[in-house]
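Student: Starting off with a structure, shown below.
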Amino acid sequence: MYYDGKIWIGKNEEKDVYIYPRMANRHGLIAGATGTGKTVTLKVMAESFSDAGVPVFLADAKGDLAGMCRPGQSNEDMIERMEYFGLAQAGFDFKSYPVNYWDVYGERGIQLRTTVSEMGPLLLARIMGLNDVQTDILNVVFKIADDNQLLLIDTKDLKKMLQFVSDNSKEFSAEYGNMPPTSIAAIIRAVVALETNGGDKFFLEPALNIKDWLATDNSGRGFIQILDCEKLMQNPKTYSMFLLWMISELYETLPEAGDLEKPRMVFFFDEAHMLFDNAPRVLLEKIEQVVKLIRSKGVGIYFITQNPRDIPDGVLAQLGNKVQHALHAYTPNEQKAMRAVAGGFRENPAFDTYTALGELGTGEALVSVLGEDGVPTMVERVRILPPASKMGAIDDGTRMEMINSSMLFAKYDYTVDNESAFERLTAYYSELEETAAKEREAMERQHAEEREKAEAERAAEKERLAAEKAEEKERIAAEKAEERERIAAEKAAEKERIAAERQAEKERIAAEKAAEKERLAEERAEAKKAEQRSRAIKSATKSVASSAVGTIGREVGNSLGKSVGGTFGKRLGGNLGASLGRGLIGTLFKL
Ligand SMILES: Nc1ncnc2c1ncn2[C@@H]1O[C@H](COP(=O)(O)OP(=O)(O)OP(=O)(O)O)[C@@H](O)[C@H]1O
Ligand SMILES: [Mg+2]
């Protein structure tokens, strides 16, 4: 409860315990075993800050903070507490608070978005579970994007950028170091996984302008921004990195403030152990640094966790306002841890801190705050005030009503896809493709021209060959014709010659026949003469006849030989004629 200019959180028989608004930026811790009252304490503190005009952000892990939009209700326990605290006299009343509901998935609150570049490579690497090498590469990819004025807004920007770096890894390696494409491929896979886990929704524009959270309502009360984390917490790394991003956004957005009368904003980080579980050293150092520096910007961060040991010493040491609910210490280890927690308080001689830690009831706590002088107060055992607003969850109808009536809902209820790395690189790739296509076209044209030229050459060659062939054919035909003519002429000549020969033969034969005829006629005439002579002789004597015959025979032979031919004929004819005559006559005589 905001009372007397202070954040009144608890009371015991002797005194009231307050957080001093001037010291509220010295951060704080709410710790305690489950069910001991941490969430209610957070609620009481948040309400008080709101009443003090300080805007508040809180992460609602279980939905049990949502009731702040409705006034609380009285019950027996409440009446008892109110009496104990004297709340009626202090002006306590049940009331609702100005709240906005947010959800990174846009289901149970106004869509909470950021951009990839605002999230930054370190947080993003953690969300995606990248190893050291991959984280380094992601860092470099962000640097290359910066150097080339390529905006990384959504996951498709990041994927395109990674592809661009992978495609040009050789060129980039000289300036930025080696980036194996296999590692880049692994990062792209992680981005795809992130998209399926909602990354495609919460890395988009319009991104949250965190200044919208630094608001008060008409009556001057600080707005309470409630992030619904039921779904988000199923992925602890995304949850914790988102909250860390918000803190760094606040850090970057707000100017230095020095010591203010009250914080500009108070930030409650529930389930804070998730932030530190297995976080790499570089991230832990970063958190420690941000927690330290953000104080001077007027922002107080309150970590809520079961055991203070969940928080690294470097951060724990900076938490000035501590509310420690009961702890259980059944095992030696737990007892040791509890002793360490007890040792973290400035002791109060009125009681033993260690013992008290184990005895605290629900809604009871050991509290130590930074006094107005900046020195931690002695630990006090107190009962925590009850909240003024409704404890627990709200129904979906009320939630939707609240979301839709929020001024900020209208502002963030749409998405834009401004020109960023994706569009620029897509244009770059299509330009590359266009150039390649043009080159391809030019090459194809050149090939076509070459082909055409070769074809023309081939056609000309074909024509030339055809002409040659035709010429040759003509020549052969002419030769053949000539040959044919020559043969025909030869044949004609031969025919003529044969005809001439035949004619000559015919003539010769005719001449021979004529000669033969003449000869025969001569012979016949001769024979006739001879017969005539013979008849004459027959009448002469035989001896006379005989010699006469010889002579006659010779005469006949001569005439015969003349007809046979030449001297030989004549001789033959003579002898033959003689013998013939002799024989003939002899025969004639023998007859
Ligand atoms: N200050 C208080 N005033 C009235 N009731 C309280 C107070 N603190 C705790 N309670 C009661 O105790 C219950 C459990 O408290 P709370 O939910 O805050 O515990 P928690 O420590 O946040 O538990 P968890 O670790 O499970 O989140 C509350 O629902 C409420 O009924
Ligand atoms: Mg709780």
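The values are calculated or read from the model by the stated rules, or taken from the named source; none is laboratory data. Here the structure is a predicted model, which is why all the values come from computation and not from measurement. All Cβ positions, glycine included, derive from the backbone under ideal geometry; neighbour counts span all protein chains shown.
Residues checked against (1) within 16 Å of ligand 2 (Cβ to nearest atom); (2) at negative phi:
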site: CYS229; (1), (2): yes, yes
site: TRP245; (1), (2): no, yes
site: GLU271; (1), (2): yes, no
site: VAL291; (1), (2): no, yes
site: ILE294; (1), (2): no, yes
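Student: I'd like to verify a number: residues in segment 321-344 that are away from ligand 1 (no atom under 14 Å from the Cβ) and either at pLDDT below 95 or assigned to a helix (DSSP H, G or I) (or both), how many?
Tutor: So the answer is 16.
Student: Next question, about the same structure. Only residues that are more than 15 Å from ligand 1 (Cβ to nearest atom) and surrounded by 20 or more Cβ atoms within 10 Å (Cβ to Cβ): list them for segment 21-35, please.
Tutor: PRO21, MET23, ALA24, ASN25, ARG26, HIS27, GLY28
Student: Would you point out the residue of segment 288-320, among those that are assigned to a strand (DSSP E or B) and surrounded by 22 or more Cβ atoms within 10 Å (Cβ to Cβ), that is nearest to ligand 1 (Cβ to nearest atom)? Spell out the reasoning first.
Tutor: We begin by selecting, within segment 288-320, every residue assigned to a strand (DSSP E or B); these are 299-305.
Cutting the leftovers down to surrounded by 22 or more Cβ atoms within 10 Å (Cβ to Cβ) gives us 299-304.
On the way: VAL299: 23, GLY300: 20, ILE301: 18, TYR302: 13, PHE303: 14, ILE304: 8 Å.
Across segment 288-320, the extreme among qualifying residues is ILE304.
Student: Output the qualifying pairs, or none if there are none: Cβ atoms under 7 angstrom, residues six or more apart or on different chains, first residue in segment 61-81 and within 10 Å of ligand 1 (Cβ to nearest atom), second residue in a helix (DSSP H, G or I).
Tutor: Listed by first residue and then by second, the contacts come to ALA61/MET233; ASP64/THR39; LEU65/THR39; LEU65/LYS43.
Student: Return the residues of segment 376-425 that are surrounded by 13 or more Cβ atoms within 10 Å (Cβ to Cβ), among the β-branched types (Val, Ile, Thr) and away from ligand 1 (no atom under 16 Å from the Cβ); say none if nothing qualifies.
Tutor: THR377, VAL379, THR398, ILE403, THR415
Student: In addition: Mind checking which pairs have a first residue in segment 28-51 that is within 12 Å of ASP270 (Cα to Cα) and a second that is in a helix (DSSP H, G or I) and more than 7 Å from ligand 1 (Cβ to nearest atom), Cβ under 6 Å, 6 or more apart or different chains?
Tutor: Between residues of segment 28-51 that are within 12 Å of ASP270 (Cα to Cα) and residues that are in a helix (DSSP H, G or I) and more than 7 Å from ligand 1 (Cβ to nearest atom), the close pairs are ILE30/LEU42; ALA31/PRO308.
Student: Check GLU364, GLU431 and return the single one that is within 16 Å of ligand 2 (Cβ to nearest atom) and over 23 Å from LYS95 (Cβ atoms).
Tutor: Details: GLU431 fails: within 16 Å of ligand 2 (Cβ to nearest atom).
None of the others qualify; the one that does is GLU364.
Student: Under the condition of being in contact (Cβ under 8 Å) with a residue 40 or more places away in the chain and not in a helix (DSSP H, G or I), which residue from segment 138-170 is farthest from ALA207 (Cα to Cα)?
Tutor: LEU150
Student: Can you say whether TYR105 is surrounded by fewer than 19 Cβ atoms within 10 Å (Cβ to Cβ), hydroxyl-bearing (Ser, Thr, Tyr) and under 30 Å from ILE403 (Cβ atoms), as far as the supplied structure shows?
Tutor: yes
Student: Please determine whether any residue of segment 71-88 is within 16 Å of ligand 2 (Cβ to nearest atom), within 15 Å of ALA393 (Cβ to Cβ), out of contact with any Cys (no Cβ under 9 Å at 6 or more places or on another chain) and not aromatic (Phe, Trp, Tyr).
Tutor: no
Student: Quick check on my filter: what residues within segment 241-279 are free of Cβ contacts under 8 Å to residues at least 60 places away in the same chain, buried (at least 19 other Cβ atoms within 10 Å of the Cβ) and more than 16 Å from ligand 1 (Cβ to nearest atom)?
Tutor: Residues satisfying the conditions are ILE247, LEU250, LEU275.
Student: Follow-up. Scanning segment 36-49 for residues that are crowded, with 22+ Cβ neighbours inside 10 Å and more than 50 Å from the chain's Cα centre (by Cα), which turns out farthest from ligand 1 (Cβ to nearest atom)?
Tutor: Filtering segment 36-49 for residues that are crowded, with 22+ Cβ neighbours inside 10 Å and more than 50 Å from the chain's Cα centre (by Cα), the one farthest from ligand 1 (Cβ to nearest atom) comes out as PHE49.
Student: Now for a different question. Would you be able to tell me the number of residues in segment 373-387 that are part of a strand (DSSP E or B) and not hydrophobic (A, V, I, L, M, F, W, C)?
Tutor: The qualifying residues number 4.
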